[in-house]
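The values are calculated or read from the model by the stated rules, or taken from the named source; none is laboratory data. Since the structure is predicted, the reported quantities are computational estimates derived from the model, not experimental observations. Here Cβ is always computed from backbone atoms with ideal geometry, including for glycine, and neighbour counts include all displayed protein chains. To get the accessible areas, we keep the full protein, side chains included, count just its heavy atoms, and leave off ligands, DNA and RNA. Shrake-Rupley method; radii C 1.70, N 1.55, O 1.52, S 1.80 Å.
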Amino acid sequence: MMDFKIKTNCTRQSKMSLAYYYDLMSQPSRALYIIFKMSGVQFEDCPVALRNGEHLTEEFKTNINRFQKVPCIIDDGFKLAESVAILRYLSSKGKIPEYLYPKYFVEQARVDEFLEWQHITLRITCALYFRTVWLEPLLSGKKPSQEKIENLKSHMEMNLAIIENIWLENSDFLCGKQMTVADILAACEIEQTRMADYDVRIKHPKIRAWLKRVRAACNPHYDHAHQFVYKISGTAPHAKL
């Protein structure tokens, strides 16, 4: 396991810099990584291997994030967790460009509407499906019942249908004609299901086309952040159905 003194020292050596703690296996970690890269945010690279329990140590809890999760940041000694809170904080500091997270209150409200909606709908159902079908069997060696899988898939597909039929009903992106942080967070969430042998593109053509647009707008950072997803799922980023 990695020595966390190395990670905490990186912030002490440059107190004015932003330290970013993340694991690219984590959906919101990938999203923030892509957004930081696209925004030109300068940060100290502090990867945390969740699979090794590096976030569960007392040192991590005390020195980095009291909730023992990623993503999180330390900005000049200020510790902050939760991807959306981090986004809003850095936007307030002028670090996130307006085309990704608008300043105008009407446009910002539309993006916030999606971020609030996603957290208890798309995110929770996609994450539960992924954890149940891929992660928990990997850790425990026990497979879930088919009934449980189908139940979770049903709830997930209900929210995917809302993405398809409401959020993408009349626009290329979730909150209008231009891509925002909402698209990046949602795309990273949906991509995670590939690892659980679920290909959203089969049943949802609008989502399939939208994912292509998001990937094109975010590359090369999108593909770099999703290397692990592509590898585990056995699908190339450009694969066609």
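Local charge sum around Ser145 (other residues, Cβ-Cβ under 13 Å, Lys/Arg +1, Asp/Glu -1)?
Working: positive: Lys142, Lys143, Lys148, Lys153; negative: Glu136, Glu147, Glu150.
Surrounding charge for Ser145 is +1.
So for the pair Ser171, Glu44, with labels modelled 7 Å out along Cα→Cβ, what separation do we get in nm?
3.8 nm
Skip the ligands, DNA and RNA, and give the accessible area per residue of the range 94-139 with a 1.4 Å probe, whole Å². Walk me through the numbers on the way to the answer.
Details: 2610 Å² over 46 residues.
Using a 1.4 Å probe on heavy atoms only, each residue of the range 94-139 averages 57 Å².
³J(HN,Hα) across the range 34-48 via Karplus (A = 6.51, B = -1.76, C = 1.60, θ = phi - 60°), whole Hz, x for Gly/Pro?
Each residue of the range 34-48 in turn: 4, 5, 4, 5, 5, 8, x, 5, 7, 9, 7, 7, 10, x, 10 Hz.
Would you mind checking the radius of gyration and Dmax of the range 12-128 based on alpha-carbon positions, in Å?
14.6, 43
Which residue fluctuates the most in the chain, going by a Gaussian network model with Cα springs under 10 Å, if the choices are Leu24, Leu138, Leu87?
Judging by the Gaussian network model, the answer is Leu138.
Starting at 0 and stepping by 10 Å, how many percent of the alpha carbon pairs of the chain end up in each bin?
Reading the bins upward from 0: 7, 31, 36, 21, 5, 0.
In deg cm²/dmol, rounded to 500, what helix-only [θ] at 222 nm does the chain give when every DSSP H run of at least 4 residues adds -39500 (n - 2.57) and the total is split over its residues? Write out the running numbers ahead of the final one.
Working: 12 runs with 122 residues, N = 241.
Helices in the chain give a 222 nm mean residue ellipticity of -15000 deg cm²/dmol.
Hey, got the dipole for the chain? About the Cα centre, +1 on K and R Cβ, -1 on D and E Cβ, debye to the nearest 20?
On the way: 33 positive and 28 negative charges, 65 e Å.
Magnitude of the dipole: close to 320 debye.
Anyone know which of Ser145, Ser39, Ser154 comes out most mobile in the 10 Å Cα GNM of the chain?
Maximum among the listed residues: Ser145.
On a 23 Å Cα-Cα criterion, which of the cross-link pairs Lys148/Lys206; Lys37/Lys206; Lys103/Lys206; Lys69/Lys142; Lys37/Lys79 come out too long?
Details: Lys148/Lys206 27 Å; Lys37/Lys206 27 Å; Lys103/Lys206 28 Å; Lys69/Lys142 25 Å; Lys37/Lys79 20 Å.
With Cα atoms farther than 23 Å apart: Lys148/Lys206; Lys37/Lys206; Lys103/Lys206; Lys69/Lys142.
Full-extension gain between Gln146 and Met158, please, as 0.36 nm times their residue separation minus the C-alpha to C-alpha distance. Display every interim value, and only then the final one.
Numbers: separation 12, 0.36 × 12 = 4.32 nm, distance 1.82 nm.
Fully extending the segment from Gln146 to Met158 adds 2.5 nm.
Taking the Cα centre of the range 113-241 as the origin and placing charges on Cβ (Lys, Arg +1; Asp, Glu -1), which of Asn219, Cys175, Thr121 is farthest toward the positive end of the dipole?
Checked the options; the winner is Asn219.
Show me, for the range 142-157, the HN-Hα J-couplings you get by feeding each phi into the Karplus relation (A = 6.51, B = -1.76, C = 1.60, θ = phi - 60°), rounded to Hz, glycine and proline as x.
With coefficients 6.51, -1.76 and 1.60, one gets 10, 8, x, 5, 4, 4, 5, 4, 5, 5, 5, 4, 4, 5, 5, 5 Hz.
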